[in-house]
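Single-structure report; data block below.
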Amino acid sequence: HLKRGLSWKTAHQFKLGFVKDWHHPKIPNAPESPRLIIPTSKYSYLARDVTKNLSERDKKYSKQKVGSAQIFNLNALNSELVFIVEGEFDAMSFYEIGFSAIALGSISNYRNFLDILLQRTPQLESFLPTIFVLALDNDKGGRSTTRTLRQLLNNFGFFNYIAKNIYGEHKDANEALVADRETFSDAVKKNADNARQKFMNTFFEGAFNQE
């Protein structure tokens, strides 16, 4: 985890583990390799190969999940502001600099995330966060899913803000953290401040218009 820019505190917080000779329990032919284990629920986890210079054959096995697809770090929903990202390492990268983030696990899981939010709507009086900051990967898939998820959140009345220039030239949060922690931290703080300001402006405009 250290080469990912994550501290021992973060590793402990998310209960990361390590298996020297891991192979997928349901894929007998998969090669054994050293794996970082990232729990995604009580019954599922992600096993990331930490071997250097993976062969093309081994790359297709480098990220393997055991158990059903899960949204990572749903505890962050107790935060006042939460970033929405794709990968588990990305969510932990935000925690590393003092922010909360939820990882979809895959851009195809955005509907699962929305379903979870909708299940909580009967308790909206105590529902936090009020601010979602969309910070998916800086690539075509990430940008497309951002537009789709933003529209769905708007349709159901969840305030959201699209992060701007948060990763610079990097693909995602973890790459940005490893490349330059200070620059990444400053960009995250700026986006959080802008999102809060936009929320306050929207809130007061709505309250004024109701009078």
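The values are calculated or read from the model by the stated rules, or taken from the named source; none is laboratory data. What you see is a predicted model, and the numbers here were worked out from it, not measured in a lab. Here the Cβ positions follow ideal geometry from the backbone for every residue, glycine too, while neighbour counts run over all protein chains shown. What goes into the accessible areas is simple: the full protein's heavy atoms, side chains included, and nothing from ligands, DNA or RNA. Shrake-Rupley method; radii C 1.70, N 1.55, O 1.52, S 1.80 Å.
So residue 132 clears everything in (1) assigned to a helix (DSSP H, G or I); (2) touching a residue at least 24 places away in the same chain (Cβ under 8 Å); (3) hydrophobic (A, V, I, L, M, F, W, C) except one condition, right? Which one? Only one criterion is unmet by residue 132, namely (1). Within region 23-46, the residues that satisfy the criterion of being in a loop (DSSP other than H, G, I, E, B) and either among the aromatic types (Phe, Trp, Tyr) or touching a residue at least 40 places away in the same chain (Cβ under 8 Å) (or both) are 24, 25, 26, 43.
Note down all Cβ pairs under 9 Å where the first residue falls in region 137-150 and is under 18 Å from residue 176 (Cα atoms) and in contact (Cβ under 8 Å) with a residue 24 or more places away in the chain, the second is open to solvent by 50 Å² or more (accessible area, probe 1.4 Å) and part of a loop (DSSP other than H, G, I, E, B), and they're at least six residues apart or on different chains. These pairs meet every condition: 137/171; 138/168; 138/169; 138/170; 138/171; 139/171; 142/171. Here residue 20 clears all of (1) surrounded by 12 or more Cβ atoms within 10 Å (Cβ to Cβ); (2) in a strand (DSSP E or B) except the condition numbered (1). Can you pull out the residues in region 26-73 that are at pLDDT 85 or above and hydroxyl-bearing (Ser, Thr, Tyr)? Result: 33, 40, 41, 43, 44, 45. None of 183, 148 is at pLDDT 95 or above, closer than 26 Å to residue 108 by Cβ and in a helix (DSSP H, G or I) except 148.
Checking region 114-123 against the condition returns no match, with no residue being modelled with pLDDT of 90 or more, open to solvent by less than 30 Å² (accessible area, probe 1.4 Å) and under 12 Å from the mean Cα position of the chain (by Cα). Residues of region 73-118 that are of a type outside the set (D, E, K, R) and assigned to a loop (DSSP other than H, G, I, E, B): 73, 79, 87, 97, 98, 99, 100, 104, 105, 106. Return a yes/no flag: does region 51-72 have any residue that is open to solvent by 30 Å² or more (accessible area, probe 1.4 Å), hydrophobic (A, V, I, L, M, F, W, C) and either without any contact (Cβ under 8 Å) to a residue 60 or more places away in the chain or not in a strand (DSSP E or B) (or both). Looking through region 51-72, at least one residue is open to solvent by 30 Å² or more (accessible area, probe 1.4 Å), hydrophobic (A, V, I, L, M, F, W, C) and either without any contact (Cβ under 8 Å) to a residue 60 or more places away in the chain or not in a strand (DSSP E or B) (or both).
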